[in-house]
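Worksheet: the structure to be examined is printed underneath.
Values in this text are rule-based calculations from the coordinates and carry no lab data. Source: prediction; values computed, not measured. Cβ coordinates were reconstructed from backbone atoms using ideal geometry, including for glycine residues, and neighbour counts include every protein chain displayed.
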Amino acid sequence: MRSYLVKVTPAAKEDLKRYLEYIQRKLKNPQAAKSVAQDFRETKNRLKNIAGSIAEPESEKLRKRKLKRINFQRHDYFLLYRINDGVVEITNMFHGSEDYESKLR
């Protein structure tokens, strides 16, 4: 089984920070924010082993950008990533209800 090096872009770090702040400050639920942060870490770690085996996306926009999607296990969030020379680069994080394709950088 291939093992990938996983890197998180500054944009993806900012996405995570924004969601966690929203959960903590607006929803006033620090425990939920901790749980989402843990799910992020676990999803990132799963990518080390399975990034290459995830199916190509149906979305033409994602395919053009060479992006794949991995969903969190316990929350309605997901990561977008690409693989370059054995390195997984997490580019964005989104909530499942968002129109993420219109927000792609």
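Here are a few things to note about the model shown:
- Considering R65, R69, R46, the condition of being surrounded by 14 or more Cβ atoms within 10 Å (Cβ to Cβ), closer than 16 Å to K7 by Cβ and among the charged types (D, E, K, R) is satisfied by R46 alone.
- At least 1 residues being more than 12 Å from the chain's Cα centre (by Cα) and not hydroxyl-bearing (S, T, Y) is the threshold, and among the strands (runs of 3 or more DSSP E) wholly inside segment 2-105 those reaching it are 5-8, 77-84, 87-95.
- Number of the exception - Q31 against (1) polar (S, T, N, Q); (2) farther than 25 Å from S3 by Cα; (3) surrounded by 13 or more Cβ atoms within 10 Å (Cβ to Cβ): (3)
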